[in-house]
Amino acid sequence: MKRKVIIDTDPGHDDMMAILLAGQYCELLGITTVNGNTYVERVTQNALKIVEFSGLTSIPVVRGAAVPLIEPLRQSPMGHGLSGLDGLELPEPSTPVTPGHAVDFIIDTVRAVSDVSIVAIGPLTNLALALRCAPEIAGRIVEISLMGGSATVGNSAPVSESNIAVDPEAAAIVFGSGVPIKMAGLHLTRQALATPERMARIRAIGTETSRIVAGLLDWYNAKSAAAWGLPGAALHDPIAVGWLLDPSLIESVKAHVDVELHGKRTRGMTVCDLRFLRLPGGSSSGGGGIRGSLPPNAEIGMKIDADRFFDLLIGAVGRYA
């Protein structure tokens, strides 16, 4: 049986890949958008463009939060270009935005449908607002699989990752909600690169969708090479979907994650308490054995089988026309 999923997103090249993966192997209940890679109006248009070129137009796209909970709106869209999805000139979408607000859509869907999981691959503003407005939905969400944070270094700042740094207060609400959380942080997602060999496999599919995907990822790869010197861009966001589809792709540990809200240089950092990690072997004692440690509130991905992950991802692209 397919997993029932809402994707909360700010497309984004890697967000596109997450949507395409979920569109094939999940029961995708809706796509909600949030300010992040660029303004919410633009990322919403990008989501509509993605569902149009992939034929997923039956899936509702609902616009969400335009600003963080507390911080003023700050934009640094260069990672994905000014449009948030640079690389190809895609037609303006004819599919309309679904009326209403993303927060209401999340609340109403979780109340009405059993066994919903949330894939959160942008700033966590929508999800935090939903949990604050309707706290009872926390007990109905199966789990939240999110791309965000890091157990090591950051990207938007030395120790903070951009999805968390855009709205740290929202992230703190989500990590403190009691909902089971899978955290795919930068230390994990940077293990999954769209290398030339993997890009060649996408091009070899030969469909219109694969042509669009390859063209967009070529631009993203070039930006990544210039910024980080990597042989391919890290496809961060689809890992949050892949982890739900096949948990064996990811080696993980359970730990407590706090979000730093006050540090001058560390605001937005995900502070992962890995002191109780038993090495070697990657097993976890579950915490609580060290003075001052807190019980785990998240499952933190540490290692991914990147080859099997790309088999899954490229296989999904191949199912589109």
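Here are the numbers:
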item	result
Yes/no for ASP258 being at pLDDT 95 or above, in contact with a helix residue (DSSP H, G or I) (Cβ under 8 Å, 6 or more places away or on another chain) and among the acidic types (Asp, Glu)	yes
Any chance SER177 is farther than 24 Å from MET269 by Cβ, of a type in the set (S, T, N, Q) and modelled with pLDDT of 95 or more	no
Residue identified as in contact with a helix residue (DSSP H, G or I) (Cβ under 6 Å, 6 or more places away or on another chain) and not hydrophobic (A, V, I, L, M, F, W, C) among ASN163, ASN126	ASN126
Helices (runs of 4 or more DSSP H) completely within the stretch 71-166 that count 1 or more residues being surrounded by fewer than 18 Cβ atoms within 10 Å (Cβ to Cβ) and at negative phi	102-112, 125-133
Selected residue (criterion: surrounded by the most Cβ atoms within 10 Å (Cβ to Cβ)) from residues of the stretch 168-215 that are out of contact with any Asp or Glu (no Cβ under 7 Å at 6 or more places or on another chain), among the charged types (D, E, K, R) and within 23 Å of GLY36 (Cα to Cα)	ARG190
Near pairs, Cβ below 8 angstrom, 6+ apart or cross-chain, from the stretch 104-125 (farther than 24 Å from ASN37 by Cα) to any residue that is of a type in the set (S, T, N, Q) and crowded, with 17+ Cβ neighbours inside 10 Å	VAL116/THR109
The lone exception for GLY30 - which of (1) surrounded by fewer than 22 Cβ atoms within 10 Å (Cβ to Cβ); (2) in contact with a Ser or Thr (Cβ under 9 Å, 6 or more places away or on another chain); (3) outside any strand (DSSP E or B); (4) at pLDDT 95 or above it fails	(3)
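Quick grid of which residues meet (1) at pLDDT below 95; (2) closer than 30 Å to ILE107 by Cβ:
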| residue | (1), (2) |
| --- | --- |
| ALA151 | no, no |
| SER156 | yes, yes |
| MET183 | no, yes |
| HIS187 | no, no |
| ARG201 | no, no |
| GLU208 | no, no |
| ALA222 | yes, no |
| ALA227 | yes, no |
| LEU230 | yes, no |
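The values are calculated or read from the model by the stated rules, or taken from the named source; none is laboratory data. Bear in mind the structure is a predicted one, so any value in this text is a computation, not a measurement. Reconstructed Cβ throughout: ideal geometry from the backbone, glycine too, with neighbour counts over all protein chains shown.
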